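Asker: Once you've had a glance at the structure underneath, I'll fire off some questions.
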Amino acid sequence: MRAGTLRHRMVIQKPDDKAAEWNNPSLGIERGWLTYATVWARIEPESGSETLDDGTKKNQAQIRHKITIRYIRGLRPSMRGTFEGRILQFKSIMNIEERNRELVIIAIEETDA
């Protein structure tokens with residue numbers, strides 16, 4: 001992997017287990033997130049889709065991203081990445097050739113269209 005291709009600065013976050021115990025959106029308490037690592041990444045949009053939410057009558061867009069980073073131990077699909085104010089929810093994490101050198105993460109970004 002060439003360092004020059006990793007040009008996006010991304011923060012990887014993990015769920016805050018203590019905040020998750022108190023997660024109650026009806027009371028205004030949301031799930032908390034803690035910074036796990038800050039990494040250089042290559043973030044490439046792969047595909048997008050748009051749906052209409054019947055409840056709110058708003059369009060909801062989903063963008064699927066392929067994220068490549070250097071290997072770091074302990075990443076889980078329950079984590080997420082943040083990049084320039086956008087939230088990328090991890091769906092799968094692949095250790096390329098099982099060599100512990102690079103990871104490819106498939107993530108979904110949801111936005112109001």
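We did not get these values from a lab; they are worked out from the coordinates using the rules stated. These figures come from a predicted structure and were not determined experimentally. Cβ: placed from backbone, ideal geometry, glycine included. Neighbour counts: every protein chain shown.
Asker: So how compact is region 3-112: Cα radius of gyration and Dmax in angstrom?
Answerer: Values for region 3-112 (Cα only, Rg and Dmax): 15.4, 46 Å.
Asker: So which GluC sites (Glu not before Pro) in region 74-112 pass both tests, a DSSP loop state and at most 15 other Cβ atoms within 10 Å of the Cβ?
Answerer: Hits after loop and neighbour filter: E84.
Asker: Follow-up. Can you sort W33, W40 from fewest to most other Cβ atoms within 10 Å of each residue's own Cβ? Let's see the in-between values first.
Answerer: Numbers: W33 18, W40 14.
So the ranking, lowest neighbour count to highest, is W40, W33.
Asker: Residues in region 71-92, backbone N under 11 Å from the label point at R2 (7 Å along the Cα-to-beta-carbon vector): list them, ranges by number please.
Answerer: Hits in region 71-92 for R2 at 11 Å: none.
Asker: Considering only the other residues whose Cβ falls under 13 Å of the Cβ of I96, what net charge follows from Lys and Arg at +1 and Asp and Glu at -1?
Answerer: Neighbour charge sum, excluding I96 itself: +2.
Asker: Local charge sum around D112 (other residues, Cβ-Cβ under 12 Å, Lys/Arg +1, Asp/Glu -1)? Display every interim value, and only then the final one.
Answerer: On the way: positive: K57, K58; negative: E50, D53, E109, E110.
It works out to a net charge of -2.
Asker: Please give the charge dipole size of region 3-112, origin at the Cα centre, charges +1 on K and R Cβ atoms and -1 on D and E Cβ atoms. Round to the nearest 20 debye.
Answerer: That gives a dipole near 500 debye.
Asker: Counting other beta carbons within 10 Å of each residue's own, what order do M79, M94 fall into, fewest first?
Answerer: Ascending Cβ contact count within 10 Å gives the list M94, M79.
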